[in-house]
Each structure stands twice: as structure tokens, then as C-alpha cells.
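The values are calculated or read from the model by the stated rules, or taken from the named source; none is laboratory data. Note that the structure is predicted; figures quoted are calculated from it, not measured. For neighbour counting, all protein chains shown are included, and Cβ atoms are generated from backbone atoms with ideal geometry for every residue, glycine included. To get the accessible areas, we keep the full protein, side chains included, count just its heavy atoms, and leave off ligands, DNA and RNA. Shrake-Rupley method; radii C 1.70, N 1.55, O 1.52, S 1.80 Å.
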Amino acid sequence: MVLYLIIQYFAEFCLCSLIVTILSIVCVRFIGEKNVPCKCTARLDGKTVLVTGGSMGIGLATARDLARRGARLILTCVNEHTAKAAAEELIATTGNQDIHYRQLDLSSFDNIQNFAQDINENFDKLHILLNNAGKSCQPTEKIRITEDGLESTMQVNFVGLALLTLLLLPKLNASKPSRIVNTSSKAFKTHQFILDDITTYRPMFALKIYSNSKLCVLLWTKALSRRLSDGITANALHPGTVNTNIYVTKNDRLMNYIFTKLVRFVFKTPVEGAQTSIHCCVASSLEGVTGQYLADCQISESVEAFDDFEYTEKIWEKTMAVIKSRLPDEVLKQITVSHK
Ligand SMILES: NC(=O)c1ccc[n+]([C@@H]2O[C@H](COP(=O)([O-])OP(=O)(O)OC[C@H]3O[C@@H](n4cnc5c(N)ncnc54)[C@H](OP(=O)(O)O)[C@@H]3O)[C@@H](O)[C@H]2O)c1
């Protein structure tokens, strides 16, 4: 009798778990996030596009689409061999021969400066900068402080992005109409941010570090957009929840196995996740549109702070305090606030 009851309870428990799992998958996949494809068919012949982190995941899927549209493409990767392999694969699959690759590590200011100098010297134009590269910060991960004294997720996802963008600004300005597209994440909604987090590591739940860095990308984009002259735009985006390596935990194989088996059904594919990035890069409907946040290929609501002039200016100033010494006078002159 007791055994019968235990079996009955166990069976009910399994059935309930199965129903909850199926409902969660349905909610996330079909209700929570929409799969909106970029419908713009614009070509990019004669345009130069730089995609950071273009060797896998959303970056690679975006790069493939942009290559098919005829762009001159520059891909970056932390590891030069990986970037080379991605570039060769794109040349083979798209037929576009004008695909270049470079090594870039956003966790080093010196590396970013050398990279930007290389791009400024060797490419005459830059029409689209897609800041796609990013890393997660997982609970099992050891916190790393970079050679520049910043927490590594904050530097790779945000401060490095800011430095790179400003170092390339004169080139973007000289290539108008041009676009800056910054990859944020809806994870910013769960942030636990104070201004000092840009410069100083504060112990907190690891995923919050990621959320904070993506909040900074979002708010900094707004402040940047106010400083850009006509003909150059800056927008931020959320690609969706996408099945990529960003969720792979380096030292937990069991968790990775379960997770990767499950997310196949729940998350967007990289091609689906690339749609908003592609849209921000090419859509003619976004000509002149700046200082916006996009998700599912449309302008979307983000957080209240996005429209808070003073707060976004504070993010700007705090970031400038870290990177200003790395910026040439030519750039500093171009980012005098215009209060658009
Ligand atoms: N997947 C999602 O659900 C999701 C959701 C919201 C936002 N995002 C954002 O979307 C972007 C692309 O992510 P993904 O999902 O495609 O991840 P991914 O497959 O892990 O790709 C991340 C890319 O960033 C590059 N990267 C990592 N660390 C770097 C560093 N220190 N310097 C320069 N590049 C670096 C990687 O290059 P290496 O191969 O050399 O490491 C890789 O190409 C990220 O900004 C991410 O935060 C993703």
C-alpha cells in the first residue's frame, strides 16, 4: 500500500514537472519572445562594416547576412586563428571575397588602441560599426580584474566598447551616413547598478555583473547619440534569448549538457537572434533614427533611466574618466555635447 502511494506520488510529480516544463517552453518560445525577421532587402555594396565578435553566435550569423548583401566586412575575434577560420568560411559560403579579419581583445585598452589604429590606417571608410562582442559572467566563474584595473565583464561588454567606438568615431564621421549599433541585453532589467560599478568591482551575484554592463551599454548609447552630428546614428539592441556559447559554463559539464539540450527548444537560433542586429545595420526605415533601443526589429521600451538626461550624462562622465587619456584631441573635439 505504502509502495503504491509512493509510486502514485512520484508519477504525479513527474507528470506535473513535465507539464510545467512544456508550458515554460511554450511561454518563452511562442509568447515571451517574438521571432521578427528583418524585412529590409537593402544591399551594402561599397559599404564597410566592422562586426566585433563575428566568429560565432549572433555575430557570425549577422556577418553572414551582411556579407550576402555585398558589404566589405571586417570580423574580429580574441583569437586570430578563429577569426581567420570564420572569415574563410564566410568567403566560401557567401561568395563575397571582401571579408577581412583582425584580432581584438576588449579586455585590454592597449589592444583596443592598436586595433583601432590598424583600422584607421588600413580602411579608408567605416560605415557601420556593430559592437556585438560580449561575454557572460557566470556564478562558477572566477572574477578577473583586467590589466586596466576593471572587472573583466564590465570592461569587455561596456568600457572596451566605449573606447573602441570613440577611437573609430573620426572614421565613422568621415564615412557618413554611418551607424553605430551597440548590443545590449534585456538582462539590464535585472540590474543592480551603482555608478562606481563601472570602475570598481563590488561582490555581487555574478549574473548581475553582466546585467550591469548591459545597462551601461544602453545608457551610454543614449549619451553618445546626443554627441553625434547629423548623418551618424547610435542605437542599442537586445537580440533575444539566443542559443549560443555565451551560456556555456566553462567548468560545469553536467550543467552544460542539460542546458544545451533544453535551450535548443526554448531559445532563438543564432540566425533568428541576428535579425535585430541586421535590422539596425541596414534598415532604411532607421535612417536618421538615433538614441533608440530596439528589440524584435522595432523600437522598444527599455528602462526609465534611458530617458533620464542627468543619469545618462553621469554614465558618460564616469566612463570618460576612465578612457579620456586614451582618446586623441580630434575625438575629444567631436564629442562635445550638443544637447540634441
Ligand atoms: N545569446 C543571448 O541570449 C544574448 C542575449 C542578449 C544579449 N546577447 C549579446 O549578444 C552578443 C553576442 O553574444 P552571443 O550570444 O553570440 O555569444 P557568443 O557566441 O559567446 O559570442 C561572443 C563573441 O564575443 C567575442 N568576445 C568575447 N570576449 C571577448 C573579448 N574579450 N574581446 C573581444 N571579443 C570578445 C567572442 O570572441 P571569441 O570567440 O574570440 O571569444 C565571440 O565572437 C553579446 O554582446 C551578448 O552579450 C546575447
In segment 164-188, anything within 12 Å of the ligand (Cβ to nearest atom), surrounded by fewer than 24 Cβ atoms within 10 Å (Cβ to Cβ) and aliphatic (A, V, I, L, M) is listed as A187
Is segment 136-144 home to any residue that is modelled with pLDDT of 95 or more, within 16 Å of the ligand (Cβ to nearest atom), open to solvent by 50 Å² or more (accessible area, probe 1.4 Å) and of a type outside the set (A, V, I, L, M)?
-> yes
For segment 149-192, what are the residues that are at pLDDT 95 or above, assigned to a loop (DSSP other than H, G, I, E, B) and not polar (S, T, N, Q)?
-> G149, L150, L168, A174, K176, P177
Which listed residue, of L126, L130, L106, is of a type in the set (A, V, I, L, M, F, W, C) and in a strand (DSSP E or B) = L130
Count of segment 95-116 residues which are open to solvent by less than 20 Å² (accessible area, probe 1.4 Å) and free of Cβ contacts under 8 Å to residues at least 12 places away in the same chain | 0
Count - residues of segment 218-231 that are surrounded by 23 or more Cβ atoms within 10 Å (Cβ to Cβ) and not polar (S, T, N, Q) = 6
Inspect all residues belonging to segment 236-257 and state whether any of them is hydrophobic (A, V, I, L, M, F, W, C), more than 16 Å from the ligand (Cβ to nearest atom), buried (at least 23 other Cβ atoms within 10 Å of the Cβ) and more than 16 Å from the chain's Cα centre (by Cα).
-> no
Is there any pair with a first residue in segment 150-169 that is touching a residue at least 60 places away in the same chain (Cβ under 8 Å) and a second that is open to solvent by 10 Å² or more (accessible area, probe 1.4 Å) and outside any helix (DSSP H, G or I) whose Cβ atoms are under 6 Å apart and which are 6 or more apart or on different chains, and what are they?
-> T153/K135; N157/G134; L166/L327
